[in-house]
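First the structure, in the form of structure tokens, and then the observations on it.
What follows is calculated from the coordinates using simple rules that are stated; it is not laboratory data. These figures come from a predicted structure and were not determined experimentally. Cβ: placed from backbone, ideal geometry, glycine included. Neighbour counts: every protein chain shown.
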């Protein structure tokens, strides 16, 4: 069949490759001048640093099949994400761990002592946390909440933590040992030559044709036997019911001769600091050595129509609108909505790849009867 992938990010690339290997003719279009979507990486011409153009992407998963898949197209170097945060004139480790607790409170607690101490300062009167704020207060108490979560969350989401659902902080990591690895997955790493090189290899197949800087119009759908669409779900319908809410990011780039902050990610938890974090990109490739450094301050704000959407808000009104768009989408024929934008869900890279593999498998089993959503957005 003649199949179209709208978007040359992870979803379009992985689905396209699987279906090309099965003998289908694949066309991939992307409005941007590069492949790999928001995980696009490129070498900075001045310093040689591998830059994550749309913000850092760190690969972590427990899915062995997905780990094997990405390693078939790119060598992944070991990488541990060790995040720091500046608060109250000090630098602390995140996620909250035994070192963070002892440093913050000026103590030398052992693990069992720290566990008892946090239980004492936590607000145990909150039995069933309903908001982000209640969830944080229930598990770490007011002091750690104020220092590390409140200001950062207000800046990131543009609303008070009391107005956000508890689910955003559902798995609040608090460790009563000195483990400062931000993630806990079995497989963690960074692609040696960047994500764009990996996606380019995934797309390197004789039955795949890629057209960059090429827009897609819904009216073109009938030119293909089936379309896999990874653009905004509401965009497919020309935003007829209104726009789904997103947060976007502004990046303020600056350079430094040497090592600016000694780590890849430095959060700023206080509300009066306008940016959420500073990322120093040479630290995402610790196997390389660079004298110069490339850094970005990140500012979060409401997404306007001309902006790149990053984080789906998914509060009550957005979910209601999403349900209406899902109902419309399920009436469509010959199109399957995929990925972060197509299903209006925040997806890590490994989940995006897993769902792309599952979507390709569903199409190979069902053909044009493949539903609008292989993974339901609601």
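Quick notes on this one:
- Between 0 and 90°, nearest 10: helix 132-144 axis offset from the chain longest Cα axis: 30
- Gaussian network model of the chain, springs between alpha carbon atoms under 10 Å - residue of 274, 33, 312 with greatest fluctuation: 33
- Packing rank of 217-228, 248-259, 53-64, where each peptide gets the mean count of other beta carbons within 10 Å, highest leading: 53-64, 217-228, 248-259
- Sites residue 42 and residue 307, calculated FRET efficiency, Cβ-Cβ separation with R0 30 Å, nearest 0.05: 0.90
- The relative contact order of the stretch 263-318, computed from alpha carbon pairs under 8 Å that lie at least 6 residues apart in sequence, is 28 percent.
- Value of relative contact order over the stretch 223-298, rounded to a whole percent, pairs C-alpha under 8 Å and six or more apart: 31
- Estimated from the Cβ-Cβ distance and a Förster radius of 22 angstrom, the FRET efficiency linking residue 299 and residue 159 is about 0.85.
- Mean-position separation - Cα centroids, the stretch 328-378 and the stretch 178-193, in angstrom: 27
- Note on the chain: antiparallel DSSP beta bridges, both residues inside, total approximately 60 percent of the bridges counted.
- Alpha carbon centroid spacing (whole Å) that separates the stretch 31-76 from the stretch 248-298: 17
- Rounded tilt (10° steps) of 316-329 against the dominant C-alpha axis of the chain: 20
- Relative contact order for the chain, counting Cα pairs under 8 Å that sit 6 or more residues apart, in percent: 25
- Calculated [222 nm] ellipticity per residue, helices only, for the chain: -8000 deg cm²/dmol; basis is -39500 (n - 2.57) per DSSP H run with n ≥ 4, divided by all residues, nearest 500.
- Pairs of C-alpha atoms in the stretch 97-169 farther apart than 17 Å represent 45 percent of all such pairs.
- Fewest-first ordering of 5, 50, 349 by other beta carbons within 10 Å of each residue's beta carbon gives 349, 50, 5.
- Extension gain from residue 315 to residue 218, taking 0.36 nm per residue of separation minus the Cα-Cα distance: 32.1 nm
- Taking 0.36 nm per residue of separation and subtracting the current Cα-Cα distance, fully stretching the chain between residue 123 and residue 346 would add 77.3 nm.
- Report note on the peptides 112-123, 355-366: ranked by the mean count of other C-beta atoms within 10 Å, highest first, their order is 355-366, 112-123.
- Folded to 0 to 90 degrees: helix 349-366 orientation relative to the chain principal axis, Cα: 30
- Three-way shape label, the stretch 24-180, alpha-carbon gyration tensor, a/c 1.5: prolate
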